[in-house]
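Asker: A single structure is presented below for examination.
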Amino acid sequence: MNEPEFRVALQNRIDQVQARVADACRRAGRRREEVTIVAVTKSLSLEATRLALECGLSTLGENRPQQLWIKAPALPQATWHFMGHLQRNKIDRTLPLVTLIHSVDSVRLLDALDAEAGKQGRRPAVLLEVNASGEGTKQGFAPDEVVGLADRIRELKNVRVAGLMTMAAPLDNPELCRPTFARLRSCLDKLRPLIVPGHPCTDLSMGMTNDFEIAIEEGATLVRLGSVYFAGLS
Ligand SMILES: *Cc1c(COP(=O)(O)O)cnc(C)c1O
């Protein structure tokens with residue numbers, strides 16, 4: 001696909017996604033501004049990511065540190081999020097590049113982020129990843145572990161916990177993901193009173209291409225969208 005074709009195709013998809021997000025907000029009685037779309041650019045080259053930014057996608061996410069390290073410095077006009085497994089030895093290079101890390105999946109990682117943030121003089125925002133679907137293979141805290149993290153969170157000096165993230169199971173019928181999303185929201189409702197003030201704890205990062213409308217109906221404030229924009233492009 002050449003560049004003009006890529007732009008036309010992507011612009012169409014952006015318009016369609018905007019309409020679907022607006023409809024989901026309307027159905028749920030929510031304001032459109034409550035939902036931020038994070039475009040997950042992991043399938044795109046640097047040049048295609050630049051085009052996506054020019055087409056109007058402005059908050060971009062990557063799930064591999066090495067890709068983030070290449071793209072974020074080359075495209076500093078984007079707002080960058082990280083949403084993959086983060087090894088502790090990759091924290092130092094990742095922190096300066098992102099405004100939000102969606103995928104803190106262990107207390108060890110949380111503590112290591114807090115220590116490195118202190119060294120760098122930063123106050124990064126993070127989300128705790130919860131295995132709300134209960135699949136054995138998934139990263140993240142179990143839903144009933146979350147409330148028990150409040151004491152650790154209150155001891156953090158630099159990191160601010162902005163909320164929770166989950167990945168639903170990839171089911172043919174996205175309606176079946178609804179209980180997973182409701183479970184994440186219920187975890188957030190229980191955690192919030194224990195760590196506010198000090199931690200914003202209002203964000204729910206949930207919903208991907210397959211299930212973002214259901215996630216919005218269940219309270220998502222961040223949806224992470226990749227293939228609905230980029231499948232088959234480039
Ligand atoms: C790839 C990815 C997404 C986007 O998935 P799609 O189904 O392509 O929209 C969202 N979140 C994470 C963590 C991802 O790795």
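The values are calculated or read from the model by the stated rules, or taken from the named source; none is laboratory data. None of the values given here were measured: they were computed from a predicted structure. Glycine gets a Cβ as well: all are built from the backbone with ideal geometry, and neighbour counts include every protein chain shown. The area values use the complete protein model at the heavy-atom level, side chains included, leaving out ligands, DNA and RNA. Shrake-Rupley method; radii C 1.70, N 1.55, O 1.52, S 1.80 Å.
Asker: Expressed as a whole number of Å, what is the distance separating the alpha-carbon centroids of segment 165-234 and segment 32-101?
Answerer: If you average the Cα positions of each part, the centres end up 18 Å apart.
Asker: To continue, here is another question. What is the sum of charges around GLN66, taking Lys and Arg as +1, Asp and Glu as -1, for the other residues whose C-beta is under 12 Å from the C-beta of GLN66?
Answerer: With Lys, Arg at +1 and Asp, Glu at -1, the neighbours total +4.
Asker: Additional query: Can you tell me the FRET efficiency between ARG88 and GLN16 if r is taken as the Cβ-Cβ distance and R0 is 41 Å, rounded to the nearest 0.05?
Answerer: 0.55
Asker: Which whole-number percent is the relative contact order of segment 120-234 (Cα, under 8 Å, 6+ apart)?
Answerer: Over segment 120-234, the number comes to 25 percent.
Asker: A further question follows. When only DSSP loop residues count, what trypsin sites (Lys or Arg not before Pro) in segment 1-95 have their Cβ near at most 15 other Cβ atoms within 10 Å?
Answerer: ARG31
Asker: Which three extents, in angstrom, do the Cα atoms of segment 1-70 have along their principal axes, listed largest first?
Answerer: Extents along the principal axes: 39, 29, 15 Å.
Asker: Would you please name the GluC sites (Glu not before Pro) within segment 150-213 that are DSSP coil residues with at most 13 other C-beta atoms within 10 Å of their C-beta?
Answerer: For GluC sites (Glu not before Pro) across segment 150-213 that sit outside H, G, I, E and B with at most 13 neighbouring Cβ atoms in 10 Å, the list reads GLU155.
Asker: Per residue, what volume in Å³ does the convex hull of the Cα atoms of the chain enclose?
Answerer: 121 Å³
Asker: Stretch SER45-SER106 to full length: gain in nm at 0.36 nm per residue minus the Cα-Cα span?
Answerer: Here the answer is 18.9 nm.
Asker: Tell me, what is the per residue accessible area of the chain in Å², probe radius 1.4 Å?
Answerer: Accessible surface, normalised per residue, equals 46 Å².
Asker: For Cα pairs less than 8 Å apart in space and 6+ apart in sequence, what is the mean separation divided by the residue count of segment 147-211, i.e. the relative contact order in percent?
Answerer: 48 percent
Asker: Let me ask something else. Using a 1.4 Å probe on the protein heavy atoms, what percent of the accessible area of the chain belongs to carbon and sulfur?
Answerer: Heavy-atom surface of the chain belonging to carbon and sulfur, 1.4 Å probe: 50 percent.
Asker: Could you give each residue of segment 89-103 its phi-based ³J(HN,Hα) in whole Hz, using Karplus coefficients 6.51, -1.76, 1.60 with θ = phi - 60°, and x for Gly or Pro?
Answerer: Calculated HN-Hα couplings, in order: 6, 10, 5, 4, 7, 7, 3, x, 9, 10, 9, 8, 10, 7, 10 Hz.
Asker: Also, quick follow-up: Students often forget the sequence filter, so: which lysines lie under 17 Å Cα-Cα from LYS71 once same-chain residues fewer than 8 apart are removed?
Answerer: LYS42, LYS90
Asker: What helices does the chain have that are whole DSSP H segments, at least 24 Å long along their own axis by Cα, and with mean Kyte-Doolittle hydropathy of -0.5 or more?
Answerer: 178-195
Asker: Could I have the simple spin-label model distance between ARG31 and GLN120, label points 7 Å from Cα toward Cβ, reported in nm to one decimal?
Answerer: The modelled label-to-label distance comes out at 3.2 nm.
Asker: Provide the FRET efficiency to the nearest 0.05 for the SER186-MET1 pair, computing r from the beta carbons and using R0 = 41 Å.
Answerer: 0.45
Asker: May I pose another question? Based only on Cα atoms, what mean projected area does the convex hull of segment 1-120 have, in nm²?
Answerer: 8.7 nm²
Asker: Any aspartates and glutamates with Cα under 16 Å of the LYS119 Cα? List them, leaving off those in the same chain fewer than 8 positions away.
Answerer: Partners within reach: ASP92, ASP111.
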